[in-house]
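The values are calculated or read from the model by the stated rules, or taken from the named source; none is laboratory data. On a predicted model such as this, the values are computed, not experimentally measured, just so you know. Here the Cβ is made from the backbone with ideal geometry for all residues, glycine too, and neighbour counts use every protein chain on show. Remember, those area values only see protein heavy atoms, side chains included, never the ligands or the DNA or RNA. Shrake-Rupley method; radii C 1.70, N 1.55, O 1.52, S 1.80 Å.
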Amino acid sequence: MQYLASKIKPTNPVLIGIILTAAIFGVYATTLNKRDNSKLLYEQKDAEKSIVLLNNRSAMIPLQSLDTRKIASVNMGSAYAGVFDSLLSKYAFIKSFSAESYKLQSLTLDDLTDDLKFYNTIIIQVIDESFNDPEVLRFILENQKNKKIILAGFGDFSVLKKLNQVVAPIVWSPDYNTVTSWYSAQLIFGGTEAKGKLSKTISSKYKAGSGYRTKKIRLKYTIPEEAGIHSSDLSEIDSIAAEAIREKATPSVVVMAIKDGRVIFNKAYGSHTYEGKQPTKVSDIYDLASITKISATTMAVMRLYEQKKLKLDTNVGAYIPKARKTDKNNISVREVMLHQAGFVSYIPFYKKLTPDVFRTDSSYAFPVKAADGYFIRRDYFKDVMWPEMLNSEVKTRGKYVYSDLSMYFMKEMVERQAGVPLNKYVVDQFYNPLGMYTAGFNPRYRFEKEQIVPTELDTSFRKVLLHGYVHDQGAAMVNGVSGHAGLFASANDLGILYQMVLNHGTYGGVKYFKPQTVDMFTSKQSDVSRRGLGFDRWDPKPGSDYPSKLASAQTFGHTGYTGTCVWVDPKYNLIYIFLSNRVHPAVDTKLYTLNIRSRIQDVIYKAIMNGDKSLYSSQSQ
């Protein structure tokens, strides 16, 4: 922190350290005045320009093909490894290793090499003094033979003369502090550009003027001032979140705002439960409820539509043979996606369960896990739930009636046309390639309970605290994977997905959708409702103020019953994400009556409108 403290005056250097660390870990302080934040922004820009990228002839950086990479981060002496790794983990799943712990047990790093055998990409953090130990260079040269290696170095450029045999890309910063660790990590994934050049010749390999340039291709994590917004103008978010927790509208909240491809606000509030034993983290995983409809099912529909495997104006019976002898046969896919198919809103299947249908332990006959200690018999969906849906009466065709049954039907069509289960399809096609490693169904199979925020203490169905099992009863009865609910994710992963959508289908250098597909699905597509295809939208009804008083008519997204929402506003190049568990310990309406989500969204809009573009010339990614 000495570098920044010496440059920014008269601000207290301790306070500078607090705001930088807070920003890096997603908790934005607003205690600095506007002058100090502006000065801090310029210091960050200077640090960013000083980082040099070398040995990148193969264009390995920015990293791509994330779904094929198993990445380890190895610390060889950096005191800022926590900061560095926390930024890396915003782009992909990273396993951290400390070389020091291995050296305490052995004179070599051979045991570390052994433990890295299943990782194909190794990011090594070093400082100039690291190379006083010859074992460090030996480790790098040995591992670059059969793995993709990236060297993230900090300190005097003169040490580069020791690295003439290194062929791996090198991201080197002459300064060794929090900020340079922050930006070096982001540069590796394309969250920021590489633009630095060596000012003098170090060796025959590393000459003056050397330095590769790269483009920004992913989210950047920064302070609001970089998007022309004063941090202090976002401070009201803190008081609104505090009100929600104080009034017991929800025990926990995570808020994220992304402006112009930059995460400018990401903060966690409260605790997982009102007991306060586990403080909320920005990386916590939430039950997204109906956000599943757009983040899983609609994404799959968009992909199959582009592949001409699913046509919007083809009838349901063409894709679901069992529907052909029902009143669902002639309903179009478009009508289903618009909630105009006339389906009943939902069917409370869980209320019809008899004791012979479930058990407290699993077996071949009872494999469907709805919660801890609650297992439903095999084929219950196939034998009972699906036939009842198929034979349910169509009453309001052509009118807008929001229905969970719509997405049960879409899931069936997606899986038939894709040939794989919905949960596997979206992970393989979107989440893994995008680096969204928390996103998916049934998170208890992949994460510790402590990383997942609990929802309701279910007293009417499963009779247990729902912790990592989908809150929605119908989704729980189909093994946690449904078209209308069941998806879990962190705010960061939602941010990645919807930055791709806001980018008209492109992210990380990969094209996931054609721009016209994104525009069609997210724009108003109905004469009888505000809806897009799968997506909810801004409500033009006077006085509605949905989803926000200040949202533009272009806004699209969705809410979730558990107290979640994601809204994308192309006019302002803005993504707003709100996650909570307002159904804990029991379902409550205070989040709605206090208008928490919309009020926070209003604060963000006001901050944008009150912005000072002289702070930074904003440029979309």
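Regarding L304, is this residue at pLDDT 95 or above, assigned to a loop (DSSP other than H, G, I, E, B) and either more than 26 Å from Y91 (Cβ to Cβ) or open to solvent by less than 10 Å² (accessible area, probe 1.4 Å) (or both)?
The answer is no for L304.
Tally the residues that are of a type in the set (S, T, Y) and closer than 21 Å to R378 by Cα, restricting the search to the range 448-507. Steps first, answer last, please.
If we filter the range 448-507 for residues that are of a type in the set (S, T, Y), which is where we start, we get 455, 459-460, 469, 482, 490, 498, 506-507.
Next, only the ones that are closer than 21 Å to R378 by Cα stay: 469, 482.
Residues that pass the stated criteria total 2.
Going by the structure shown, is S295 part of a helix (DSSP H, G or I), over 20 Å from D602 (Cα atoms) and either touching a Pro at 6+ places or on another chain (Cβ under 8 Å) or at pLDDT 95 or above (or both)?
Against the criterion (part of a helix (DSSP H, G or I), over 20 Å from D602 (Cα atoms) and either touching a Pro at 6+ places or on another chain (Cβ under 8 Å) or at pLDDT 95 or above (or both)), S295 qualifies.
Take the residues of the range 92-121 that are in contact with a Gly (Cβ under 9 Å, 6 or more places away or on another chain) and farther than 29 Å from I496 by Cα: which is most open to solvent (accessible area, probe 1.4 Å)?
This residue is E100.
Are there any pairs with C-beta distances below 8 angstrom linking a residue in the range 306-326 that is without any contact (Cβ under 8 Å) to a residue 24 or more places away in the chain to a residue that is open to solvent by 30 Å² or more (accessible area, probe 1.4 Å) and of a type in the set (D, E, K, R), with the two at least 6 apart or on different chains, and if so which?
Pairs found: D313/R334; G317/R324.
Only one of these is open to solvent by 10 Å² or more (accessible area, probe 1.4 Å), of a type in the set (A, V, I, L, M, F, W, C) and in a strand (DSSP E or B): A242, A257, A208, A268. Name it.
A268
Yes/no per residue for (1) of a type in the set (K, R); (2) farther than 21 Å from F349 by Cα:
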{"site": "F381", "(1), (2)": "no, no"}
{"site": "R397", "(1), (2)": "yes, yes"}
{"site": "S406", "(1), (2)": "no, no"}
{"site": "E415", "(1), (2)": "no, yes"}
{"site": "L457", "(1), (2)": "no, no"}
{"site": "H471", "(1), (2)": "no, no"}
{"site": "G483", "(1), (2)": "no, no"}
{"site": "L497", "(1), (2)": "no, yes"}
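Kindly list the number of the only condition in (1) of a type in the set (S, T, N, Q); (2) more than 19 Å from V301 (Cα to Cα); (3) open to solvent by 10 Å² or more (accessible area, probe 1.4 Å) that fails for N503.
Against the list (1) of a type in the set (S, T, N, Q); (2) more than 19 Å from V301 (Cα to Cα); (3) open to solvent by 10 Å² or more (accessible area, probe 1.4 Å), N503 comes up short only on (2).
With (1) open to solvent by less than 60 Å² (accessible area, probe 1.4 Å); (2) within 30 Å of G276 (Cβ to Cβ); (3) of a type in the set (D, E, K, R) as the list, and D404 as the residue in question, which single condition is left unmet?
It fails just one condition, (2).
Quick check on my filter: what residues within the range 318-366 are part of a loop (DSSP other than H, G, I, E, B), surrounded by 15 or more Cβ atoms within 10 Å (Cβ to Cβ) and of a type in the set (G, A, S)?
Within the range 318-366, A341, G342 meet the criteria.
What number of residues within the range 56-91 are in contact with a Leu (Cβ under 8 Å, 6 or more places away or on another chain) and crowded, with 19+ Cβ neighbours inside 10 Å? Don't jump to the end; show me each part of the working.
Applying the first criterion (in contact with a Leu (Cβ under 8 Å, 6 or more places away or on another chain)) to the range 56-91 yields 61-62, 66, 69, 71-74, 90-91.
Applying the additional criterion that residues be crowded, with 19+ Cβ neighbours inside 10 Å yields 61-62, 66, 71-74, 90-91.
Residues in the range 56-91 being in contact with a Leu (Cβ under 8 Å, 6 or more places away or on another chain) and crowded, with 19+ Cβ neighbours inside 10 Å: 9 in total.
Given the range 44-153, what strands (runs of 3 or more DSSP E) lie entirely inside it while holding 1 or more residues that are farther than 30 Å from V282 by Cβ?
Where strands (runs of 3 or more DSSP E) fall fully within the range 44-153 and carry at least 1 residues being farther than 30 Å from V282 by Cβ, they are 52-54.
As an exercise: evaluate T396 against (1) open to solvent by less than 50 Å² (accessible area, probe 1.4 Å); (2) within 18 Å of S460 (Cβ to Cβ); (3) hydroxyl-bearing (S, T, Y) and give the number of the one condition it does not meet.
Every condition holds for T396 apart from (2).
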